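Read through the structure below, which is laid out as structure tokens, and then see the notes.
Bear in mind these aren't lab numbers, they're just calculated from the coordinates by the rules spelled out. Note that the structure is a prediction, hence the values are computed from the model and not measured. Every residue, glycine among them, receives a Cβ derived from its backbone with ideal geometry; neighbour counts consider all protein chains shown.
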Amino acid sequence: MTHIRLVDPTDFQILKTLSDGRRDTAANLAVIIDKDRNYLNTRLPVLADEELIERVGPAESSGLYQITPRGVAAAQNQSLYATDRDQFETTIDEQEPLITITDPTVHQASVDHTDSRLLSFSRR
């Protein structure tokens, strides 16, 4: 069995940062997790090859990434990765179909005529 090869803690920091389901770029991730952007540009394609994240468009070269259900499961099981790789892979295979990621949405609260219109945006 070929195991997923992750760099701990960097790859898990990337996955945990993206675990809210929002999309982000290498430049933003580098700032958030305090890592070199060029280094992240080498790790993101590896995570995509492992189907833990995916490159999203509309342009393929946009550099925008989003976590996959498999990536969420991997992030949730970091401690298992360190202790038992076989069990880690089995666990993420079991959890992956149970995880759903929905695109960020815009929510509008009801209008109270005494207050101004309230808008809640869930977007990065």
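Worth pointing out:
- Distances between placed amide hydrogens fall under 5 Å for Ile53 paired with Ala48, Thr68, all partners being 5 or more residues away or on another chain.
- Potential lengthening between Asp84 and Arg5 on full extension [0.36 nm per residue; Cα-Cα distance subtracted]: 27.2 nm
- Glu96/Asp20 FRET efficiency (R0 25 Å; Cβ-Cβ; nearest 0.05): 0.90
- Model label points for Arg55 and Asp103, set 7 angstrom from Cα along the Cα-to-Cβ axis, are 1.9 nm apart.
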